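Colleague: First the structure, then my questions, so here it is.
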Amino acid sequence: MADERVVAIKLEQIEQYYGELVEKRETLSRDEFHQSTTEQRAVERMFENAIQACSDLAQHIATRDFGYDGRTTKEAVRVLHREGVIDEATATTLVAAIGFRNVLAHEYGHVDGDKVYETLQTGLGVYDTYSRQIATWVKSGD
């Protein structure tokens, strides 16, 4: 069974990083983003942190509650979908986000600043949705 403390900490982290990303989305223009390496790196790091917290949480729940053996984080997300913890759209988006995190963290090739900014503008909803679905699942187990 998932450790409630771990789940709570990860949900808090996701909420924090989501809030930071929303603030950047609301205050940072495309030009400001592209002209500032510091802003680019800050946003990239916020994405890495948010996605990592989501990944850690998926891994924890899939392992503890559904006997997942822990091979890949993407598969842990798929387990949560199969078990009805998260919906298909959230799972699909989060799996793509994990790939995005891998590019940011390991700089496979060149990080595309336009893609990062576009994701900042249009791709933040998954963090809030994922958190809510996990919280709903946790509450339903009580």
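Only the coordinates and a few stated rules stand behind these numbers; no lab work does. On a predicted model such as this, the values are computed, not experimentally measured, just so you know. With ideal geometry, Cβ positions are generated from the backbone for all residues, glycine too; neighbour counts draw on all protein chains shown.
Colleague: What list of whole percents do you get for P(r) of region 1-96, with Cα-Cα distances grouped in 10 Å bins up to the one holding the largest distance?
Modeller: 16, 40, 27, 14, 3
Colleague: Place a +1 charge on the Cβ of each Lys and Arg in region 4-140 and a -1 charge on the Cβ of each Asp and Glu, then give the dipole magnitude about the Cα centre in debye, rounded to the nearest 20.
Modeller: With only Lys, Arg, Asp and Glu charged at Cβ, the dipole is about 400 debye.
Colleague: Subtract the Cα-Cα distance of Arg5 and Thr122 from 0.36 nm times their separation in residues, and report this length gain in nm to one decimal.
Modeller: Gain in length upon complete extension: 39.0 nm.
Colleague: Sticking with this one: Just to be sure I understand the model, the point goes 7 Å from the Cα along the line to the Cβ. What's the resulting Arg132 to Val111 distance in nm?
Modeller: That separation, rounded to one decimal, is 2.9 nm.
Colleague: Rounded to the nearest 0.05, what FRET efficiency is calculated for Val22 and Ser140 with R0 set to 25 Å and r the Cβ-Cβ distance?
Modeller: 0.35
Colleague: Ranking Thr90, Thr38, Thr72 by Cβ neighbours within 10 Å, fewest first, what do you get?
Modeller: Thr38, Thr72, Thr90
Colleague: Going by Cα centres, region 1-59 and region 96-118 are how many Å apart?
Modeller: Cα centroid of region 1-59 versus Cα centroid of region 96-118: 14 Å apart.
Colleague: Which whole-Hz couplings ³J(HN,Hα) result when phi for each residue of region 40-56 is put into the Karplus expression 6.51 cos²θ - 1.76 cosθ + 1.60, θ = phi - 60°, listed in order with x for Gly and Pro?
Modeller: Along region 40-56, the couplings run 4, 5, 5, 5, 4, 5, 4, 4, 4, 5, 4, 5, 5, 5, 4, 5, 4 Hz.
Colleague: Please arrange Asp3, Asp31 by counting, for each residue, the other beta carbons lying within 10 Å of its beta carbon, fewest first.
Modeller: Asp31, Asp3
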